[in-house]
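Have a look at the structure below, then the notes.
The numbers here are math on the coordinates, done by the rules we state, and not lab data. Fair warning: this is a prediction, and the values are worked out from it, not measured in the lab. When we count neighbours, we look across all protein chains shown, and the Cβ atoms used for this are built from the backbone with ideal geometry, even at glycine.
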Amino acid sequence: MTWIIGHFFAVCIGISLGLLGGGGSVLALPVLVYVMGVAPKPAIAMTLIIVGSVSLLGSIPHARRGNLNLKIAGIFGSATMLGAYLGARIATLPIITSAFQMILFGLSMLVAAGLMIYRSIKAKPESSEDELASIQYVKPACKYCWLWLMTEGIAVGVLTGLVGVGGGFAIVPALVLLGNIPMRQAIGTSLLIIACNSVAGLLGYLGHVSLDWTLTVSFTFLAGCGTVIGAYLAQFISAKQLQKSFGYFLLAVATFVLVQNRDSLQNLKKSSVYQQPNNRVAAERINFLR
């Protein structure tokens with residue numbers, strides 16, 4: 001029953017990606033951890049495979065429409081791939097606990113949900129063809145935007161390697177504002193960049209975690225099938241209305257993840273305080289004064 005429920009969610013993740021063009025991949029990690037019972041670190045590595053494969057599949061239609069900017073993808077993608085590999089290597093260090101990764105993932109989901117809700121209520125397009133063009137971002141006041149593009153690329157890549165999120169909610173605005181490319185090209189290019197990030201992050205995890213390849217392949221396959229279904233349904237359903245509802249759903253899932261790992265974070269703090277004699281004495285004095 002657990003296997004069926006988990007793979008049902010895999011199809012739902014793919015459908016959300018096909019309908020909204022992004023966001024659904026962030027659900028892969030909580031499904032693997034809390035439904036399928038996979039440990040967080042292997043689950044993050046498996047998520048990178050799932051996110052990368054689905055993103056690569058989603059970039060194919062954009063490539064056929066000419067919405068891939070390979071020059072920007074090379075500049076920004078090289079920085080994000082470096083960051084993803086570094087993030088994955090950092091995640092394999094003993095000091096980086098699973099609880100820390102899940103809390104960081106929950107915070108990333110909060111940001112993604114907030115941006116998704118904000119974008120869905122800010123602009124009201126006149127027609128479906130202008131829906132992407134209606135999305136506006138605040139222009140940055142920078143002289144060397146290409147340098148900021150590389151800097152943000154490394155930061156997004158590190159986040160990808162640490163918690164397995166694609167980072168499309170940060171990549172797309174960066175490509176539009178700092179890369180000076182249209183929104184449609186930014187979305188298609190971001191999918192290609194996310195796929196490259198996932199490969200780099202996975203290379204950083206290989207040899208340090210054991211993966212359930214059977215579950216990974218089946219989950220990825222069904223998510224890919226869901227993406228095709230979602231792309232077909234997108235012509236009948238308003239993506240803007242779904243985006244707002246899905247944003248609130250992500251908000252609820254992020255809250256659940258943070259609540260689930262709250263006790264682990266508190267225990268981690270307590271153990272770090274009592275590990276050192278001076279800190280233990282200070283803590284005992286504080287408790288005595290209380």
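Protection proxy ranking of 255-263, 225-233, by the mean of other Cβ atoms within 10 Å over each peptide's residues and highest first, is 225-233, 255-263. With a Förster radius of 41 Å applied to the C-beta separation of Lys244 and Arg65, the computed FRET efficiency comes to 0.95.
Each of the peptides 185-198, 209-222 was scored by the mean count of other Cβ atoms within 10 Å over its residues; in descending order, highest first, they stand as 185-198, 209-222. Quick one: net charge around Gly161, please, counting Lys, Arg +1 and Asp, Glu -1 for every other residue with C-beta under 14 Å from its C-beta. Surrounding charge for Gly161 is +2.
With both labels modelled 7 Å from their Cα along Cα-to-Cβ, the Val35 to Ala234 distance reads 2.2 nm.
Quick one: which of 9-17, 101-109 comes out on top by average Cβ neighbours within 10 Å, and what's the full order, highest first? Don't skip to the answer; put the middle values down first.
Values: 9-17: 24.2, 101-109: 21.6.
Those peptides, ordered most packed to least, come out 9-17, 101-109.
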